[in-house]
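For reference, the structure is listed below as structure tokens.
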Amino acid sequence: MNNQSSSSTLPGSPPRPRNADVPEAEGAQFKSSNLPGNAKLSEELDTYDGAHRSQFYELGQKLLEESMGRDRPLISPPTTIHELRAEYTGAPSFVAQIDSLLNRGYTKIIRTKGDGNCFYRALGYAYLSSLVDSPNLVYSAKSVIESGSRMMERNFMDADIISTFCEPLMDLVDAIGNLDPNKVLTHKRLLSAFLEDETSNCIVTYLRLLTTAQIQSASDDYAGFLFDDSGEQLEPTEFCRQYVDPLGKEADHVQVAALCRALKLHIRIAYLDGHSPDGQAHFQDITPPDGGNNKPLILIYRPGHYDVLIKTN
């Protein structure tokens, strides 16, 4: 793969099907031939890398279950991606993709607990971490968050509830500009905050509510992309009630795109799925309509799970 990555926004690009393990092809729309159950794709996956598809599934499930362990923290300090590589010993297709990331300078990973909230927690952490590195963006970030809260109110969400869940997020944003060295937000203090159940889950809940408000505010844009697990189309309100609002529900492509639009963020997702014929970890860019003001926040996706990916050179 070259260094270019595909770009996706809504409307205009179809969502990734819920629970699908196969990423969109670079530079292309997601096509019906890529959907789970397609005979040609199933045959390719069954024979890919000399392993049966069930082996990939079993390995992914094993690692996902380990990430959900009772003692697994909500988020972990940065660790070398070599640690992740060691977990895939015996799965050469995964190892090749991880090596392709290493070759491009992605050497560290911040891991989140596999509790169904990993996308929101990973994005929230990556977003605040980017503000710690670029404090000049704090003012515009606060404006966007406040605008998001007003959008929630316009969607008949209770103002007191919004304030309760938004406060921990705004406290961290405000701390970035604190002149007191004992109170200013650092990466170490940010990690500590995300390890606290109350603070971390309040931020996750706020981001979920913001995603709901975005989908409902632009319901015409999203209506054709909302499906339940059986493939039945849902109304935006029902989709949000079932899949966005509750803690522990995994985020699909629609939710990813909606939250990026609400926060005016550009994110880049590396797909580590063991299905890449060229051995590369492929990237997808998701941007809001105005392109966003931030450098891309980089996440890594393994089937059913998101972590934060860090480029160090």
ask   = Where Rh is the Kirkwood radius over the Cα pairs of region 162-313, the temperature 4 °C and the viscosity 1.567 mPa s, what D in µm²/s does Stokes-Einstein return?
value = 75 µm²/s
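Treat every Asp and Glu Cβ in region 91-143 as -1 and every Lys and Arg Cβ as +1, leave all other atoms uncharged, and give the resulting dipole magnitude about the Cα centre to the nearest 20 debye.
Values: 6 positive and 3 negative charges, 21 e Å.
Using Cβ point charges on Lys, Arg, Asp and Glu, region 91-143 gives about 100 debye.
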ask   = Under the Karplus relation 6.51 cos²θ - 1.76 cosθ + 1.60, θ = phi - 60°, what is the ordered set of whole-Hz ³J(HN,Hα) values for region 116-133, x standing for Gly and Pro?
value = x, 10, 4, 4, 5, 5, 5, 5, x, 5, 4, 5, 5, 4, 5, 6, 4, 6
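Beta carbons within 10 angstrom, averaged per residue: use that to sort the peptides 239-249, 223-233, highest first.
On the way: 239-249: 17.3, 223-233: 13.3.
The packing order, highest mean first, is 239-249, 223-233.
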task = Mind sorting L123, L172 by how few other Cβ atoms lie within 10 Å of their own Cβ, fewest first?
result = L172, L123
ask   = Among V184, V204, V138, which comes first, then next, by fewest other beta-carbon atoms within 10 Å?
value = V184, V138, V204
note = Footprinting proxy, C166, C260, C202, C118: sorted fewest to most Cβ within 10 Å, the residues are C202, C166, C260, C118
ask   = How large is Rg over Rh for region 99-228, taking Rg from the Cα atoms and Rh as the Kirkwood inverse mean of 1/r across Cα pairs?
value = 1.01
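For the pairs K183/K295; K264/K295; K142/K295; K113/K188; K113/K249; K108/K295, flag any whose C-alpha to C-alpha distance is greater than 21 Å.
Details: K183/K295 26 Å; K264/K295 11 Å; K142/K295 17 Å; K113/K188 18 Å; K113/K249 13 Å; K108/K295 18 Å.
Over 21 Å Cα-Cα: K183/K295.
Taking the Cα centre as origin and putting +1 on Lys and Arg beta-carbons and -1 on Asp and Glu beta-carbons, what dipole magnitude results for region 80-120, to the nearest 20 debye? Before the final figure, lay out the partial values.
Values: 5 positive and 4 negative charges, 26 e Å.
For this selection, approximately 120 debye.
Every number in this text was worked out from the coordinates using simple rules, so none of it is lab data. This one's a predicted model, so the numbers in the text were calculated from it and none came from an experiment. Please note: Cβ atoms are built from the backbone with ideal geometry, for glycine as well, and neighbour counts cover all protein chains shown.
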